[in-house]
Structure formats: structure tokens, C-alpha cells
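What follows is a set of notes on a single structure, which appears directly below.
The values are calculated or read from the model by the stated rules, or taken from the named source; none is laboratory data. This is a predicted model, so every value here is computed, not measured. Here the Cβ is made from the backbone with ideal geometry for all residues, glycine too, and neighbour counts use every protein chain on show. Accessible surface areas use protein heavy atoms only, side chains included; no ligands, DNA or RNA. Shrake-Rupley method; radii C 1.70, N 1.55, O 1.52, S 1.80 Å.
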Amino acid sequence: MAHLSSMPTLEPGQDRTMILNMGPHHPSTHGVLRLILEIDGETIVRIMPDIGYLHTGIEKTCEAKFYQQVVPLTDRIDYLCPLTNNLCYVLAVEKLLGLEIPPKAQWMRVMLNELTRINSHLVWLGTHALDIGAMSVFLYCFREREDILRLFEMVSGQRMMTSYFRIGGLALEPPLGFFEPVRQFANRFPAKVDEYENLLTGNPIWGMRTKGVARITAEDAVALGASGPTLRGSGVDFDLRRDMPYSGYENFSFKVPVSQDGDVFARYICRVREMRESIAIVQQALDGMPEGRIKADAPKVVLPDREKMKTEMEALIYHFKIITEGFAVPEGEVYQAVESPRGEMGYYVVSDGTAKPYRVHMRAACLANLQLLPAMCEGRLLADVVAAIGSIDIVLGEIDR
Amino acid sequence: MPLVPAITELDQLKGHPALAKMLAWNSEAVEGAKFDRDELTIYIERSSIREVCSLLRDDRDCPFNFLVDVTCVDWYPKQPRFEIVYHLLSITRKERVRLKVRLGDSPEVDSVTSVWPAANYFEREVYDLFGVRFNGHPYLRRLLMPEDWEGYPLRKDYPVEGYR
Amino acid sequence: MPDNSFARYLPLLIHFLLAGALACAIVLLSWLIGYRRPTRAKLSPYECGMIPVGDARQRFSVKFYLVGMLFILFDVEAVFLYPWAVILRQLKMFGFWEMLVYIGVVLVGFFYIWKKGVLDWSRTSPRKGEV
Amino acid sequence: MVSVESFVIASIIKTAIALFVLLTAVAYTVWLERKVVGHIQNRWGPTRVGPFGLLQPLADGLKFFFKEDITPPHVYKLLYIAAPVIAVTFALTSISVIPIGNWITVAGVRTPLQITDVNIGLLIILGITSMGVYGVALAGWSSNSKYSLLGGLRASAQMISYEVSLGLSLIGVLILSGSFSLREIVDAQSGTFWGFIPRWNIFQGQIFAFFIYLMAAFAETNRIPFDLPEAETELVAGYHTEYSSMKFAMFFMAEYANMITVACLASLLFLGGWHGPLFGPAWLQSILPVLWFVLRVFGFLFVYIWIRGTLPRFRYDQLMAFGWKFLLPLAIANLVITGLIVALKS
Amino acid sequence: MLHLVLFLIFGAVCVAGAVNLLVQRHPINSALSLIVVMGSLAVEYLLLGAEFVAAVQVIIYAGAIMVLFVFVIMLLNAGEEELTSGSRVALLLGIPGILVSSVLVAWVLLAHSGTEAVPAGALPGPPKIIGWLLFHDFLLPFEVTSVLILIAIMGAVVLASPPESVQQSKKEG
């Protein structure tokens, strides 16, 4: 690939080019991404992302925690879709343990995951539109996001760092009357998506700014490891939820939006349609929500209910043991991937048979997607960089971990 | 779903297209294989990782054309110490395979960036955090840590409180 | 007082001077009132939190100054059109034809630059290494 | 015949009043914008300072004065300080030839509602507008920062590009009215067609010219969708990246003053100025035109704000192409057609 | 009276600007001085009653041509001039030379060209009269200016397009 061989150095270029920093403190780099641009007038000659400003060493931290204690760390990776990260990690450990998860927990997980996806896409849409200058969409999106965050707060007590999924099920029963506001939201939301689309999809300026911009072919996208809407925007029809289902996604019917154009608009339209599909999944989950337990039947792994803990000796002992010394996980390794709002989120968990993971590695969708940026932007204009960054929807917390 | 014991016999795993293809190409390159928790792991001899990757990528029947991830596990103080882990995905077959390369104390392996440019950041990250060198990588510099950082934080012998 | 045509412009001049004085006063006042506790970071040029690479005193793309030139030319054209527009009613069709000739010639130049691609701002050099 | 001294003093008083009114209008345009955009976006806008946040502009102004006034050492100091002064001075000057109403009689003296009624008012405004470029260009250059330089270059290139279309779009109006005097241009728009359509210039076939003017005016004042010079997502803050305190605010003062000028000009040239129904007692009749005029201006400003709340922004090349390849030919076509019709009629 | 005073003031501003233009070492300052010169010239025109010319002076010279100058200085990043000590011959011969020649020119103009000072406002100033002159009496020169503009457009394009070799290397690079 050509763009790899031309990594820029930091020295000012030849006579006509200028080295310009975009970020880390820049209004449009979504966190602390730093781009080093070499520009000729307004044209991008070379572009190099510089990351690591948010590196917190989560992977190292995980090695010092019990399995259950890692869950809150996963929230912090991708702070726009904490539940997706919870899910991915939890599924990986459950796979290591060989745990069977009751259907209600699975359906709850799917429902909350789709709400998370909408939440993440709303933040993306708002900021992406704001980058391109459409101010109002941002506030409209955050209005709906607020509703979703309220739902999260209801169910987990937290707006962002939910940590609601636990190894073996859910942390708590969903509160009484939780499904009613979810249903209301699900009924209300499609009209709101129409509202966003009214402002953007048909808007000629939006079209000019996004159509044909930062185009990437399907081959390049695959070669560069793109996933999620970024990949589907280039015409590769692949969605883990449908193609390699997990957590009961096989029980839901939904379409996977694909666009052939591979430009900013294609990625935009894929994500907007995804929001509609997600809300349809939420509806299905609400309609078919099974009854039953929310935790797996594995007393050595799953914390007992408060009720039992106070009445049964055995439960109290398990509770004490799980809290103080964790639970041992059989030796082995597992790679579990889920379809996060940004693409393939994968957790590679290695166990050496002790109560702490030997190694936890997160495959961040954004890290791979970010590699597309030079291929998208070189030879284009400065303003296209902004559109391109927005269109690959990066979250620096996930990239840097 | 109770755990089933891992299968490590090469003969039992020959049915898998990726492994079959590899064995047919060069059985020397395959050091072993493991099928555990529905996931296939193939141990590759260090010098042939690049060829194996391009072989799997271009396989007509089952192209593992998507490099999902490259990472590393440090088994210090065991030897060989490092395991480089490649996760491949076949978009058409919807199947995954894991390749592993074991490296000793002078960790060096061929870069697969020429096969998948996607490996660029992944390999840089491994270099940054484990100090594994990837030969042929176009820009092997630290990715997450500062340029002047000392040591490789994800190694098991890295002092957690930093070098004093 | 209006003893000649300039009297009408005198208030304009006064207004201009007063506006200028006001602007200067604002700058001065903010300089007097505002506090100053400079630090090195505050005084360095904004570069998104990084130490700047190179400085802004560099040569720039030629495109920008082509705009300047074209602007002059079309501005000159427009200036000729102003008096014409005002007296067109007196000039009648004759005035229309003479302006049509004039605009026609200028339009030739306009389409020349259009065809030359001067007005294509997105036309960029091909991507590096792309065959 | 009045003496020179009293004439000068009268002009100074008039000017001072005009400047005061203009600056207040600028402050409240900001307030209006924040309110309107706020309501467009499900927010309230300013509410804390004063009723409906009406004192917010005052608070903002004071805050700006008390902010740290940084003059970084890397700037070209003289021009760095001069640039906002230039911008504000020219932005405030153009109002002086704009009439805001008909003649009124105050204490027996008949006087136009205008600082000075000159023959070539329109040309004066064009001239002053064309000088406004320097504020932006010099700010960008003297800051010695890359973002500022790029922003300044963009801004000045954009302003001069659209100035051509702006100038050409006015020619249709000039043909119809046969004068550069803004007062005469407005007078030419009095009356109605068939008794109910006012003879405003946009109804006299200058609808395209009005459209061109609208676009060019948006670009001249660097407003969305043409706000590339200060596109914060690309160039941080464009040409005023390195400015702080009141010097920073002055660019905004200039921008909003220019918006008001442009709105006034649009009302005068295309929307019939102060013409409107007159009724009631004599004092009301003399005030009403001013009211109609101010209403038009605010209507125009509202459109500005409304569009800001709705549209995304252009990319630089698209903006330039829009100006040169679309507006300019359209403006030329408009003037040729208008010229043809008028020449045939006369 | 005020009229004359203003005329003199702006004349002085004009000359001061022109001198400053020469003395300043930074090209941007020189350019700005030139703008001042143009502006004060426009005021002088106004004082003479030539309204239209004054407006055009501002629009074209101060507002367009000087923008180009400033642009070029910004783009080329022309820095401060090196101050050379200058050759002594130029100093010795130059200043007297300039004095002598300006006196000569003034004398020739005043004594032999038959030009006279025209009272303010006596010359055609209002735009309508200018228009009538331009589109009636001086029609041919007016039409010729369009050709001039055409040539200038082409010249601008030719000057601004980078030489072939640069384009070539850009493509390759």
C-alpha cells in the first residue's frame, strides 16, 4: 500500500508545503487525536495520525484484577458504548468458563446493546454534523441521547459507565416499569431520525460535503482492517450480529445497511439506517422479552442474590469467596468479537487458570479504522479531513486504551 | 455448554481448510495446532509467518482475507517467552483462525504489513508495549507511549511502578 | 454651510474618524482594564497544544493570488458597469449594445480561465504513489 | 445657511447617536442570534442576566473588557493591534450613508434620517466594504500562526471573490433606479403594481439579483454556510485564533455590524426601504417608515440566523466554485437581461 | 476655508504616506502606506468634486489592487528588507538629481503645458456625466478596455500557472 511507504517526518517539507498540527487540542478531532498534516495551500500532501494521548494502560491494569473487577474497566475503553464493551468482555470470559446464560439476560443484553448503539451513533451524528457546520443536528441528537442515558441510569444507576453486564448475567434485575419508557422511546425515536435526515440527507450542501469525499474501495477497506459501518459503507456486507451471531442475536431479524459508494455519505447513510434497524431490534426485544432468571446457574462464579445471601449459609460463603479471592477460570484463551457501533470490537482473554486474567487484549475497531484516514485524505482538501474523521467515528479512549 | 477438552492432535484437525492448506503447502511451517472452545489455533514456525499469511489471504476456497488483530502474550519466565497472536477472519466463510508465533528472548519476527497494511498499527502497538521487532515494517516507532519511553510496559517483568 | 459638494461628505469623514477613534478607544481600554499575567504557554502560538513545527512565514500556494488578480479584473469591469447602469435609460438600445460587446469580450476571458481550470479549486495533484 | 462650526457639531452629534444605536443593535443582534438559535435547537438561549437575558450583551461586553489581554511575542505587533481596529472602523463607517427613513421635521428643521445624503451612497458603501478585507487579511498575517494565516487567506479570498458578484448583482437595481443615491433608489420603489403588489425591486424582476446579493452578502460577512474563515472544526478559529480579550470581540463586532449594514442595504435596494402603509396622526406617520425599515432589517437578520441554525458549511473549493462559476455568470446574465428590458422600454 | 484646510491636510497625509512607503523596510508597511496614499487621494478627488472618481479610487485602487499587493506579500512571505549601506554615489548624485528633476518637471508643466488650476467642482464629477462621457464621447477607448481586461486575464493565468517542470515533478513526487 502506497500510503504506508510515505510516512511523514516532522521536518517542514519542501518549499511550498507546511506542517500543520491538527490536535490534540482541536475542536474537531473528537478527543485527543493529533494529526500531523503536510499541506500545500489547502491540499493535504501527507497525513499522519499521532495517538496515545489517552493511553491509560487498561490492558496492564486488567492483569492485576479479578475477572469480575475488569468489567468496570471495560466501560472506560469506549465511553460511548460502554455496554458493548461490557458485553464483549463478559462473553469472552463466559466462553472461557463455559457458562450458559439464561435467555432473559441475553435479550436484555441485546436490547441494551442496541440502545447503546443508538446512543453512540447519536453522538457520532451530532458531532459529525457539527464538524461540517450543521449546528442544530448536534443538539437534536443530544436530546435523544439524553433519553437513552436516562434509561441507562434507570437500569444500572449510571449514565455512562454502566458496568451493567456481569460475568454470568446481569448485575441487577431491571427495575419495575423499566420497559415502559423504553417502549415509549422506541416508538418516538424513528420520527426523530426522520428529523435528522430532513436536515441532512437531502441537503445539497451536506451532499456536496460528503458525496465522493474520502472514498475508500472495498479492497482497501478490507486490507486496512476496517470494520463496522466504515466497512459496510464501502460495500462489504458483513455484520457480526448477523453473520457470526452472539448473545442470542440469531433470534432477531434485522437488515444490515450496506452502501456501495465508500464515501463519507455512504458511511453516514449506513449509520443512520443502522439506527432505524437498532430501534427495530429494541422493539423485538421488548415484544419477546422472556421471563426467568437474569443470572447463570453457577454459584461459584455468579454472585448470589441478596435475598439468598442473607438466608443461606452456602450463598454467603460463595459471596465471600468471589469477592475476596475471585474465581478461577480454566486455562485457555478466547477471542470474542462483537459488532460495536464502530466495528469489530474484540476481546482476547488468556487465562492461566488463576483468578486473574493472564492477558486481556482489546481489538479496538477504531484503531484499525483510523488507519484508513491517510488513504482517505491524501490529495484532498483540508476540510475533507474533518469530514473523513467524522465519518470513521473514532473514539480515542478505545484507540489508546 | 460444558467445556470440552482441547484437541491438539494435528491429525484430528486436518479437516479444517486453513490447516489442510497449510500442511499441504509446507508441513514444516506448522509447529502444532489446537482446537479449544470452538477456536482453532495454529502454531507457525517463525520464519514462515509472512508466507503463511499471504497463503491464507489468497486461498481461493477459504480466503482469510481480513486481519482482525495482532497482539502478543508474554509468558515470562517461560521459554520461548513471547507468543505473537494473529487473528484472521474469513468474511466470506464467516470463520476465524488464530495463528501463533513463538519467539524467544531476542524477539523478532517478519512483519505482515506487506500482506495486510492493517497490521501497521497492530504491530507498532506490539512493538511499543512488548518490544517485539517486526522486520520489514515501514515505520516501526512507538505508537501509544511517548517516543522517549523506557521499557515495554506490557512485559511481565516490567516494574509496574516504573523504573526508578 | 454646504458651500460645495464636499460638505455632504464631511459628515462621512467625521463618522469615519469617530468610528476609528472608538475602535482605538476599545483597544486601549481593554489594554488598560484587562490584566496581564503572561506565561510561556500563553504566549506561544496556538498549535493545538503542540510545539509548533516550522512557522507560519512560509510561501503559499499560488492559487490565492490568482484570485486577487481575477478580482481586480472583474472589479474593474463592474466599475465600468456602474455609470452605464445609471444612464442606461438615456442611452437606450445603443447603450445596451455597447455594453453587450464589452461584456462579451470580458466573458471570453472568463470562459478562458474557466476552461483553464483556474476556477477548479479542488483540482489537486494525484495522490502520492497512486498509479 | 448654518455656520461651519454648528454643522460640524451637528454631524458629530448625529454620528455619535448613530454609532451608539449601531453598537446597541450589534449587541442585540448577538442576543437575538443566541435566542433564536437557542429556540431552534430546543434551548433557551441566554436567560440569566436580566429578563429574557436582555442584559446578556452588556455582561458579555464587560467580561471581554476584563479578560486577559494577551499580545503574544511572535506577532507582528503593529498590524496585530491595527487589524481589529481596521475591521471595526470600516464596519462602523458604512452605516453613515444609509438612510433609515424619510425626511422628518424636528423642531421646525426638516432633516433626513441619515447622517449624510450623498449622491454616490451605494458606491461609498461598496468602497468601504472592499476595505474591510484588510482587517481580516492583516489579522491572519500578523498573528504569525498557521491557522490564522490560512484563515486570513481564506477569508480574504472569499470576500473578494464574492465582492464581484455582490457588485454585479446591484447593477440591475441601478438600471431600474438610475441613481447611486440610496434615497433615490428607495424612492424609485414607491407605489404598487395593480394596487397591491408593492413596487419593490424584487418584484420588478430583481429576484435573482436579490438571491445573488443574499448569497454574496452571507459570504462577505463570513456567515454559515460560508463561514469557512473561522471554521472552528478546520482552522480552530481562523484569523482570530491568536486574539484575546476585546481585540477578539472586535472581530465579532465588525462581523455583526457588517451583517446589519448588509441587512440595511438589502432592505433599501430590494425590499422597498421604508415604504409601507402609513396611517394615524402625523407623528405616527413620520415614525412608521422607520419602523417598517427596522422590521425589514430584522427580518433579514432573522433569515441570517435561521440559516445558521439549519445549514452545514461549504468546503472551500465548493465555496469558491459557487461564487465564480455560479453566482458570477448568474449576475452577468441578470444584468444583461435587466439591461435589455429597460433599454427596450425606454 | 475649511475646504482648503482639508485639502492641504490630506495632501500632506498623501505625501507622508508616499514617503513612508519608501522609508519603511517591511513590505507590508509599505503596502499599507500605499493604501493610505490611495485613500487620501480619494479624499482629494472628493474635495475637487469628482465623486465618482473618488469612489472608484477607493474600490479599485485601495480595495482591489492593494489587496493583491497584500496578498502577494502574505503569500510570498516577503520578509524585512536588508538595509544596505547604499552606494555613496547614489546618495551624492541622487538627492540633488531628484530635486533638480522635480523642479524641472514642475516648471515645464506649469509654464508650458497650458494647464490651469480648475476651481473645485468645475470638472465633471457626478457619475451620470462621467457615464455620458464614457459611453458617448469616449466609446472606442471604453470598448478597448475590455480587450485590455481580456489580455490581463490571460496574462494572469499564464503568470500564475506553474512552469511545466514544476507540474511534472509534482505529478511524480
* Would you point out the residue of the range A:261-277, among those that are more than 15 Å from A:ALA214 (Cβ to Cβ) and not hydrophobic (A, V, I, L, M, F, W, C), that is least open to solvent (accessible area, probe 1.4 Å)? => A:GLU274
* Structure fact -> A:GLY202 vs (1) assigned to a helix (DSSP H, G or I); (2) open to solvent by 10 Å² or more (accessible area, probe 1.4 Å): all pass except (1)
* Asked: Can we say D:ALA139 is over 21 Å from D:ALA263 (Cα atoms) and either open to solvent by less than 10 Å² (accessible area, probe 1.4 Å) or modelled with pLDDT of 85 or more (or both)?
  -> yes
* Matching residues in the range B:8-28 - criterion: being of a type in the set (A, V, I, L, M, F, W, C), open to solvent by less than 70 Å² (accessible area, probe 1.4 Å) and farther than 19 Å from B:ASP69 by Cβ -> B:LEU10, B:LEU13, B:LEU19, B:ALA20, B:MET22, B:LEU23
* Pair list, Cβ under 9 Å, 6 or more apart: the range A:345-364 residue free of Cβ contacts under 8 Å to residues at least 40 places away in the same chain, other residue of a type in the set (Ser, Thr, Tyr) and in a strand (DSSP E or B) -> A:ARG363/A:TYR335; A:ARG363/A:TYR347; A:ARG363/A:TYR348; A:ARG363/B:THR71
* E:ILE60 being within 11 Å of chain D (Cβ to nearest Cβ) and modelled with pLDDT of 85 or more -> yes
* Assess whether A:LEU83 counts as being of a type in the set (A, V, I, L, M), closer than 30 Å to A:THR210 by Cβ and touching a Leu at 6+ places or on another chain (Cβ under 6 Å). => yes
* Is it the case that A:GLY233 is touching a Cys at 6+ places or on another chain (Cβ under 7 Å) and farther than 24 Å from A:LEU91 by Cβ? -> yes
* Structure fact -> Matching residues in the range A:98-126 (open to solvent by 30 Å² or more (accessible area, probe 1.4 Å) and assigned to a helix (DSSP H, G or I)) number 3
* To do: Take the residues in the range C:119-131 that are out of contact with any helix residue (DSSP H, G or I) (no Cβ under 6 Å at 6 or more places or on another chain) and surrounded by 14 or more Cβ atoms within 10 Å (Cβ to Cβ), then tell me which one is modelled with the highest pLDDT.
  => C:ASP120
* Do any strands (runs of 3 or more DSSP E) entirely within the range A:305-401 hold 2 or more residues that are over 18 Å from the mean Cα position of the chain (by Cα), more than 13 Å from every other protein chain (Cβ to nearest Cβ) and polar (S, T, N, Q), and if so, which? -> none
* Quickly run through the range B:118-151 and pick out the residues that are outside any loop (DSSP other than H, G, I, E, B) and of a type in the set (Val, Ile, Thr). => B:VAL126
* Tell me, yes or no, whether the range A:220-233 has at least one residue that is in contact (Cβ under 8 Å) with a residue 60 or more places away in the chain, on the phi > 0 side of the Ramachandran plot and open to solvent by less than 10 Å² (accessible area, probe 1.4 Å). => yes
* **Top-ranked residue in the range B:119-148 [being at the interface with chain A (Cβ under 10 Å from one of its Cβ atoms), of a type in the set (Phe, Trp, Tyr) and free of Cβ contacts under 8 Å to residues at least 40 places away in the same chain; ranked as farthest from A:GLY225 (Cα to Cα)]** => B:TYR139
* Asked: Has the range D:292-312 got any residue that is under 30 Å from D:ASN102 (Cα atoms) and touching a strand residue (DSSP E or B) at 6+ places or on another chain (Cβ under 8 Å)?
  -> yes
* To do: Name every residue in the range A:27-86 that is basic (Lys, Arg), more than 9 Å from every other protein chain (Cβ to nearest Cβ) and within 22 Å of the chain's Cα centre (by Cα), in order of residue number.
  => A:ARG76
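With the condition kept exactly as written, say whether any residue in the range A:136-145 is more than 14 Å from chain D (Cβ to nearest Cβ), within 19 Å of the chain's Cα centre (by Cα) and free of Cβ contacts under 8 Å to residues at least 60 places away in the same chain.
No, the conditions are met nowhere in the range A:136-145.
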* Structure fact -> Within the range E:1-51, residues being over 19 Å from E:ILE65 (Cα atoms), touching a residue at least 24 places away in the same chain (Cβ under 8 Å) and not in a helix (DSSP H, G or I) number 4
* Looking at this structure, is A:THR162 open to solvent by less than 20 Å² (accessible area, probe 1.4 Å) and polar (S, T, N, Q)? -> yes
* Asked: From A:GLY177, A:GLY168, which residue is within 14 Å of another protein chain (Cβ to nearest Cβ) and farther than 20 Å from A:GLU277 by Cα?
  -> A:GLY168
* Structure fact -> Selection from the range A:55-86 of residues open to solvent by 30 Å² or more (accessible area, probe 1.4 Å) and modelled with pLDDT of 85 or more yields A:HIS55, A:THR56, A:LYS60, A:THR61, A:ALA64, A:LYS65, A:PHE66, A:GLN68, A:GLN69, A:PRO72, A:LEU73, A:ARG76
